[in-house]
1. Just to verify a result, which residue in the stretch 325-351, among those that are within 16 Å of ligand 3 (Cβ to nearest atom) and out of contact with any Leu (no Cβ under 7 Å at 6 or more places or on another chain), is farthest from Gln170 (Cα to Cα)?
2. Do you know which of the residues in the stretch 90-122 that are more than 14 Å from Gly342 (Cβ to Cβ) and surrounded by fewer than 23 Cβ atoms within 10 Å (Cβ to Cβ) is farthest from ligand 3 (Cβ to nearest atom)?
3. Which members of the stretch 77-127 meet the condition of being of a type in the set (Gly, Ala, Ser) and assigned to a loop (DSSP other than H, G, I, E, B)?
4. For the condition within 16 Å of ligand 1 (Cβ to nearest atom) and at negative phi, what is the one hit in Val319, Val327, Val270?
5. In the stretch 263-307, what residues are in a helix (DSSP H, G or I), more than 27 Å from the chain's Cα centre (by Cα) and within 15 Å of Leu318 (Cα to Cα)?
6. Please determine whether any residue of the stretch 206-218 is touching a Lys or Arg at 6+ places or on another chain (Cβ under 6 Å), within 18 Å of Tyr343 (Cα to Cα) and assigned by TED's automatic domain parsing to the domain that holds Asp89.
7. For residues in the stretch 274-310 being within 19 Å of Leu235 (Cα to Cα) and not β-branched (Val, Ile, Thr), which is nearest to ligand 3 (Cβ to nearest atom)?
8. Looking only at strands (runs of 3 or more DSSP E) that lie completely in the stretch 172-262, which have at least 2 residues being basic (Lys, Arg) and crowded, with 18+ Cβ neighbours inside 10 Å?
Amino acid sequence: MRCTKKVLASALTALALTFGACGDSNTPPATDSGADQAIPLDSGPQPDATNLDVAVSDTSTKPDSKAPVYDATPLADISGTKKHEFVADQIVLPSNGTQAQLFGHDYDNDGNVDNALGSILGTLGLMGGMNVQGGVDESVNKGDLLLLFRFFANNVNNQNAAVVNYVVGQSQACCTAPSNPTLCASQAKATCFNGTASFTSTVTGAPMSGNIVSGKFLFGPGTVKLNLPVVGSALSLTLKQAFIKGTFTGATITSGSITGGIDQTELDGVILPAVATAVNGMILDPTTPASTKGTILALFDTNKDGKIDIGEIKNNVLVKSAIAPDVDVDGDGKLDLSLGIGYTAVGATIK
Ligand SMILES: [Ca+2]
Ligand SMILES: [Ca+2]
Ligand SMILES: [Ca+2]
C-alpha cells in the first residue's frame, strides 16, 4: 500500500488507532489526551531572529487577542541590486519535536515557538509507520512542487533591507522514473537541482523585506502559498504573516524554514474537507484492512451511514484537538493554525 498519498488522513487514523488501543474506540478521547501526545515546543531563543531588525508592534491595546508581533518593513529600492535565485531541492515536514521547533516561529512572543500543525506531524512521525515525508519528496523530485526564491541583496552575508520574492514554479519533469523514488531523486539532482536549472514562475508573491546577518536571513511577514501533497491531491494552503528563514551557505541555502498561520476559514473550507475526502477514500480503498475501516467508522461515522462527511470530521473531538488553531498571527482576534516547514535550496534561474 502506498503511504505517500492521503498521509494526513492516514496519520489521523494512526493517531486514532493509538488512542483506540488505549481504550474504547467508540469513545473519543478527551481533548487533553491530545495534549499528552503533542510534542512540547520548548521555549528558547530563535537564533535567526534575535539580532535582526524586525519591528515590534504595540500589543498592549488588544489584551484579549494575540496581536501580531511583527509589522512588515517598508521595502527598500531594489533597482540595481544583485539578484540571487534558488529552487528548494528538499522540503521537509517536521518529523520530531526538534524539527517542529526549528521550523516554527514565536508569533505571540511568549517564548514558545508556534508550529501546531507541524508539531502534530512531528508527533505522528515519532509514532512511526506513517511516511508523512514520502509524498512531499516525491512531489519535489518529480518537479510538481517547485518553490523558488528570488533574493535581492548586494551582499548575501550581511545586508539590511534585502528583499525576496517567493515564487511558485510551474511543474516540469525533473525525473523520468517517478515510480522509483531513489532513481527519481538522483535524476532530479542532475536535472532540476544541479544549481543552474531554469524554472518558469506561475505565481510570484509580493516582495518581502528582510535582513541578512552572517549569512542567516529572515524575511517577512508576507503571504506564502503552499501546495503540499499531504491529503490525496495537493492541498493548497495560504500561510498568512509568513516568515522565510535560512542561511546562505556557499551556493546553497541550508537550515531553511517557512512559517505562517492558516486561518479558520481555510481550515474549515480547505483542510478539513480534504481530510474528509481522504478518509472516505480509505474506506473505499479495497486495500485498507477491514479492521482499519472499522476503526475509522467507529471514530468518525457518528450517524452510522457508512460514510464520513465534513461535519463528522469537523466535530470530531480527536480532529478538534489535533488540528486546532493555536495563535493569532495577524491580530484579527481569531486564532490561526501555525505551520512551519523546512527546506534546503540550490541555485536556479527563474524565467
Ligand atoms: Ca508563541
Ligand atoms: Ca456518516
Ligand atoms: Ca488571526
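The values are calculated or read from the model by the stated rules, or taken from the named source; none is laboratory data. Predicted model, so just to flag it, every value in this text is computed and none were measured. Counting neighbours? That spans all protein chains shown, and the Cβs are built from the backbone with ideal geometry, glycine included.
1. If we take residues in the stretch 325-351 being within 16 Å of ligand 3 (Cβ to nearest atom) and out of contact with any Leu (no Cβ under 7 Å at 6 or more places or on another chain), then Gly333 is farthest from Gln170 (Cα to Cα).
2. Keep residues of the stretch 90-122 that are more than 14 Å from Gly342 (Cβ to Cβ), which gives 106-112, 114, 116, 120.
Okay, now just the ones that are also surrounded by fewer than 23 Cβ atoms within 10 Å (Cβ to Cβ), so 106, 108-112.
Numbers: Asp106: 16, Asp108: 11, Asn109: 15, Asp110: 16, Gly111: 20, Asn112: 17 Å.
Among those that are more than 14 Å from Gly342 (Cβ to Cβ) and surrounded by fewer than 23 Cβ atoms within 10 Å (Cβ to Cβ), it is Gly111.
3. First, pick out the residues of the stretch 77-127 that are of a type in the set (Gly, Ala, Ser): 79-80, 88, 95, 97, 100, 104, 111, 116, 118-119, 122, 125.
Passing the criteria: Ser79, Gly80, Ser95, Gly104, Gly111.
4. Working: Val319 fails: within 16 Å of ligand 1 (Cβ to nearest atom); Val270 fails: within 16 Å of ligand 1 (Cβ to nearest atom).
From the options Val319, Val327, Val270, the qualifying one is Val327.
5. Thr295, Leu297, Ala298
6. Quick first cut of the stretch 206-218, residues touching a Lys or Arg at 6+ places or on another chain (Cβ under 6 Å) only: 218.
Right, trim to within 18 Å of Tyr343 (Cα to Cα) and you get 218.
Okay, now just the ones that are also assigned by TED's automatic domain parsing to the domain that holds Asp89, so 218.
Scanning the stretch 206-218, I find at least one residue that is touching a Lys or Arg at 6+ places or on another chain (Cβ under 6 Å), within 18 Å of Tyr343 (Cα to Cα) and assigned by TED's automatic domain parsing to the domain that holds Asp89, so the answer is yes.
7. Ala274
8. On the way: elements: 201-204, 208-213, 216-228, 235-249, 252-262.
Those strands (runs of 3 or more DSSP E) span 235-249.
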